[in-house]
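As structure tokens, the structure follows; a few thoughts come after it.
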Amino acid sequence: MSRPLKGLIVGLANADSIAYGCAKAFKEQGASLAVTYQSEKAKPYVEPLAKDLGSDIFMPLDVRSAPQMQALFDAIAEKWGRLDFVLHSVAFAPKDDLQGRFVDSSVEGFTLAMDISCHSLVRLAKAAEPLMSEGGALLTMSYYGAEKVVDNYNLMGPVKAALEASVRYLAKELGPQNIRINALSPGPVATRAASGLAHFDALMAQAATKAPLHQQVSIEQIGHAAAFLVSDNAQNITGQVIYVDNGYSALG
């Protein structure tokens, strides 16, 4: 895929979003972008960023809405006729379930978190597959709490573990079509979604103190890794969880 890439960004909420750091890196590599916003409430925060990115397509997408997803991919097919990569940077859990003990989590909260944070990736992959007839790449965002117990990560640990397993299964199924899929696992970043975690400031401070590089990761650094993974330079990498955490995960 030496031609300029065309990619879909799902999960851009504001200028502090990991998705925005990734989108900027994709744009720097010459990619054309389709950008979505989660709701009319979110639109005023996302629209100026989409304009700055020069996005060709700007449409609503609540990942729970099948009609919105169909409309989005119909628009991509009509505008571009193909899709080279998808960034899935979406996670949600109800506050009570997220901040409480995992053993106390509700069926409704767990189901909603799994649907939005994990199975939405599967739905995006299914919708993207027909537009990736010449191959493509999908990328999602995980966290170290999927592998090891992290205090206060609670419900999202098992959900992210399911997301990482989904990446491996999708890699096997989509590999024959030359469609790759990987997960980035950044260190803690001060995003709006992360602010829902209890004692998140302490988690960030601990990560910077304990990580071998003794610093916090930025959305720009995550973006550089994302741009590599959707490029031809990573054409033999699929089914992997790539840590961008200044070495924190290497400590076990």
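Summary of values
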{"quantity": "Largest-first principal axis extents of the Cα set of the range 1-142 (Å)", "calculated": "50, 30, 25"}
{"quantity": "Quarter of Cα convex hull surface for the chain, i.e. mean projection, nm²", "calculated": "12.6 nm²"}
{"quantity": "Top positive-direction residue, dipole computed over the chain with Cβ charges, set SER17, GLN206, VAL167", "calculated": "VAL167"}
{"quantity": "Under Karplus coefficients 6.51, -1.76 and 1.60, residue-wise ³J(HN,Hα) of the range 100-110 in Hz, glycine/proline x", "calculated": "x, 5, 4, 5, 9, 4, 7, 4, 5, x, 5"}
{"quantity": "Sequence of THR238, THR209, THR36 once ranked by neighbouring C-beta atoms within 10 Å, starting from the fewest", "calculated": "THR209, THR238, THR36"}
{"quantity": "12 Å cut-off, amide nitrogen to a point 7 angstrom out along GLU220 Cα→Cβ, residues in the range 1-37", "calculated": "21, 25"}
{"quantity": "Residue of PRO188, PRO48, PRO158 that the Gaussian network model of the chain assigns the largest fluctuation, springs spanning Cα pairs under 10 Å", "calculated": "PRO48"}
{"quantity": "Inter-label distance, nm, simple model (7 Å from Cα along the C-beta direction), LYS172/GLN68", "calculated": "3.3 nm"}
{"quantity": "Restraint check, LYS126/LYS172; LYS51/LYS79; LYS41/LYS126, Cα-Cα greater than 25 Å", "calculated": "LYS41/LYS126"}
{"quantity": "Helical mean residue ellipticity (222 nm; -39500 (n - 2.57) per DSSP H run of 4+; nearest 500) of the chain", "calculated": "-12000 deg cm²/dmol"}
{"quantity": "Label-point separation in nm, ASN236 to GLU40, each point 7 Å along Cα→Cβ", "calculated": "5.2 nm"}
{"quantity": "Unit charges on C-beta of K, R, D, E only; dipole of the chain, Debye", "calculated": "240 debye"}
{"quantity": "Burial ordering of HIS88, HIS119, HIS214, fewest other beta-carbon atoms within 10 Å first", "calculated": "HIS214, HIS119, HIS88"}
{"quantity": "Contour excess over end-to-end distance, with Cα ends at ASP56 and VAL107 and 0.36 nm allotted per residue", "calculated": "14.4 nm"}
{"quantity": "Ranked list, fewest to most other Cβ atoms within 10 Å of each Cβ, for SER231, SER105", "calculated": "SER231, SER105"}
{"quantity": "Gaussian network model of the chain, springs between alpha carbon atoms under 10 Å - residue of GLN235, GLN221, GLN70 with greatest fluctuation", "calculated": "GLN70"}
{"quantity": "Amide hydrogen neighbours beyond the local backbone of ASP245, cut-off 5 Å, H modeled", "calculated": "GLY187"}
{"quantity": "GluC sites (Glu not before Pro) restricted to the range 1-100 and DSSP loop, no more than 14 other C-beta within 10 Å", "calculated": "GLU40"}
{"quantity": "Trypsin sites (Lys or Arg not before Pro) within the range 89-185, DSSP loop, no more than 13 other Cβ atoms inside 10 Å", "calculated": "ARG101, LYS148"}
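Here, each number is a calculation from the coordinates, and none is a lab measurement. Quick caveat: nothing in here was measured; it's all calculated off a predicted structure. Glycine also receives a Cβ, built like all others from the backbone with ideal geometry; neighbour counts cover every protein chain displayed.
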